[in-house]
Amino acid sequence: DVTAGRMMSLRFDSTVPKDGEAASRAVHQFVAHEVTHWWDTGVFRTDGDRPLIHEGHADWMAGLLARESGQLSAAGWRDRLDTALNNCQFARGNRPAVTLPGGHSGGDDPYACGQVLWLLAQSARPRDGTPVDAGASLFRGSTAPIDAEAVARWADGGGTGPMHRLLFDPQQGFRSALLRDWSAVVEASELKAGEPVPSFLRGRLASALMSALMVADCGGAISFWTQSDHFRIDTLPACRALRGNPSVRRIEGVSPFDDPVGAWLAMRAACAAGPSVALVTDAAEPLLLACPAKVPDLPIQQILRLRPQALERLGLGP
């Protein structure tokens, strides 16, 4: 978006979308997100160094507005927040917020982590049975900036509490904070081989596994496309084994698209037993790939989910 004076310009891709309904939802989300930025900056002057504050607030508001206008169901809202919880977990793991660099830097996801921040902040507030008013009452009557201290003070109702620990305690990791201080809102379950994994998480786990294997084989380069049932490897990186634009379908006999956790465990077991891991491609013989010098663990060990009653507690349920 480009804002000049009292005018906001929104630029759109002119390509005709394949899915008109999905494109319409994306446009509504985009406009609501950018208008929230405008409101935040013009009214409350959001913290420019902590993008999770304003990016998260803009996405949170866009979701609330979509929910209140009937464009987003309770199930869709829950899926959206589950996605944010796990995308933030992918980016942060259990690192404390205060150890992360400021601004839009690598190693964090201000959109996902910001939505989680506002979910937790709203959930921490005492409820009197009335629905949430789309966040408009956060700082009613105030002209102070919406920064991390203001969010923590509002959520905790004072100078100390779980939101202060989450944002300012150098010993308080992201995942630990959720499971200790917001266990009434968020639950965790172990990722296990052979068990269903949500689509948004399945793709990330599969791509992370292929990235780890490709980095080891291609001198640190990564270039592939994730399809529905295979990875199509690019021809450009100078790789030792992944040459000729192969399509990788299975890793040690396990499909990372059907069972990403099982594929990770199979790769680790193969590398513990020998120097290479077998990849099934479209060729007749499996492709043997040298194991990484340091065999990676699963990027995350648990899946985080919003508890069923959490939306009802916020006044956002069915």
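The values are calculated or read from the model by the stated rules, or taken from the named source; none is laboratory data. Because the structure is predicted, anything quoted here is derived from the model rather than measured. In this analysis, Cβ positions are derived from the backbone assuming ideal geometry, glycine residues included, and neighbour counts consider all displayed protein chains. All accessible areas refer to the heavy atoms of the entire protein, side chains included, with ligands and DNA or RNA removed. Shrake-Rupley method; radii C 1.70, N 1.55, O 1.52, S 1.80 Å.
Somewhere in segment 49-69, is a residue surrounded by fewer than 20 Cβ atoms within 10 Å (Cβ to Cβ) and closer than 26 Å to residue 149 by Cα?
Yes: segment 49-69 contains one or more residues that are surrounded by fewer than 20 Cβ atoms within 10 Å (Cβ to Cβ) and closer than 26 Å to residue 149 by Cα.
Residue check, residue 295 against (1) more than 30 Å from residue 107 (Cβ to Cβ); (2) in contact with a helix residue (DSSP H, G or I) (Cβ under 9 Å, 6 or more places away or on another chain), all met but one. Which one?
(1)
Could you check, for segment 38-52, whether at least one of its residues is hydrophobic (A, V, I, L, M, F, W, C), assigned to a helix (DSSP H, G or I) and under 20 Å from the mean Cα position of the chain (by Cα)? Give the steps one after another, and end with the answer.
We begin by selecting, within segment 38-52, every residue hydrophobic (A, V, I, L, M, F, W, C); these are 38-39, 43-44, 52.
From what's left, assigned to a helix (DSSP H, G or I): 38-39, 43-44, 52.
Filter again for under 20 Å from the mean Cα position of the chain (by Cα), leaving 52.
There is at least one residue in segment 38-52 that is hydrophobic (A, V, I, L, M, F, W, C), assigned to a helix (DSSP H, G or I) and under 20 Å from the mean Cα position of the chain (by Cα).
If residue 298 satisfies every condition in (1) aliphatic (A, V, I, L, M); (2) within 13 Å of residue 264 (Cα to Cα); (3) without any contact (Cβ under 8 Å) to a residue 24 or more places away in the chain but one, which is the exception?
Only one criterion is unmet by residue 298, namely (3).
Can you tell me which condition residue 80 does not meet? The list is (1) open to solvent by less than 50 Å² (accessible area, probe 1.4 Å); (2) at pLDDT 90 or above; (3) under 17 Å from the mean Cα position of the chain (by Cα), and all the others hold.
Among (1) open to solvent by less than 50 Å² (accessible area, probe 1.4 Å); (2) at pLDDT 90 or above; (3) under 17 Å from the mean Cα position of the chain (by Cα), residue 80 violates only (1).
In this structure, does residue 270 turn out to be free of Cβ contacts under 8 Å to residues at least 24 places away in the same chain, surrounded by 15 or more Cβ atoms within 10 Å (Cβ to Cβ) and not in a strand (DSSP E or B)?
yes
Could you list, ordered by first residue, the pairs with Cβ atoms under 6 Å in which the first is in segment 24-44 and on the phi < 0 side of the Ramachandran plot and in contact (Cβ under 8 Å) with a residue 60 or more places away in the chain and the second is surrounded by 15 or more Cβ atoms within 10 Å (Cβ to Cβ) and of a type in the set (S, T, N, Q), at least 6 apart or interchain?
40/46
I want to confirm something. Restricting to segment 103-155 and keeping residues that are of a type in the set (Ser, Thr, Tyr) and exposed (fewer than 12 other Cβ atoms within 10 Å of the Cβ), which single residue is modelled with the highest pLDDT? It would help to see each step written out before you state the result.
Let us first name the residues in segment 103-155 that are of a type in the set (Ser, Thr, Tyr), namely 105, 111, 123, 130, 137, 142-143.
In the following step, the residues that additionally are exposed (fewer than 12 other Cβ atoms within 10 Å of the Cβ) were identified as 105, 130, 137, 143.
Working: 105: 76, 130: 47, 137: 53, 143: 70.
The selected residue is 105.
Sort through 256, 237 and tell me the only one that's at pLDDT 95 or above and crowded, with 18+ Cβ neighbours inside 10 Å. Working first, answer last.
Values: 237 fails: at pLDDT 95 or above.
Just a single option satisfies the conditions, and that option is 256.
Determine whether segment 274-294 contains at least one residue that is surrounded by fewer than 19 Cβ atoms within 10 Å (Cβ to Cβ), farther than 30 Å from residue 123 by Cα and within 24 Å of the chain's Cα centre (by Cα).
Scanning segment 274-294, I find no residue that is surrounded by fewer than 19 Cβ atoms within 10 Å (Cβ to Cβ), farther than 30 Å from residue 123 by Cα and within 24 Å of the chain's Cα centre (by Cα), so the answer is no.
Go through (1) under 24 Å from residue 303 (Cα atoms); (2) not in a loop (DSSP other than H, G, I, E, B) one by one and return the number of the condition residue 256 breaks.
(2)
Among the residues of segment 156-171, are any under 24 Å from residue 295 (Cα atoms) and polar (S, T, N, Q)? Working first, answer last.
Here is the first cut: in segment 156-171, the residues under 24 Å from residue 295 (Cα atoms) are none.
No - not one qualifying residue is present in segment 156-171.
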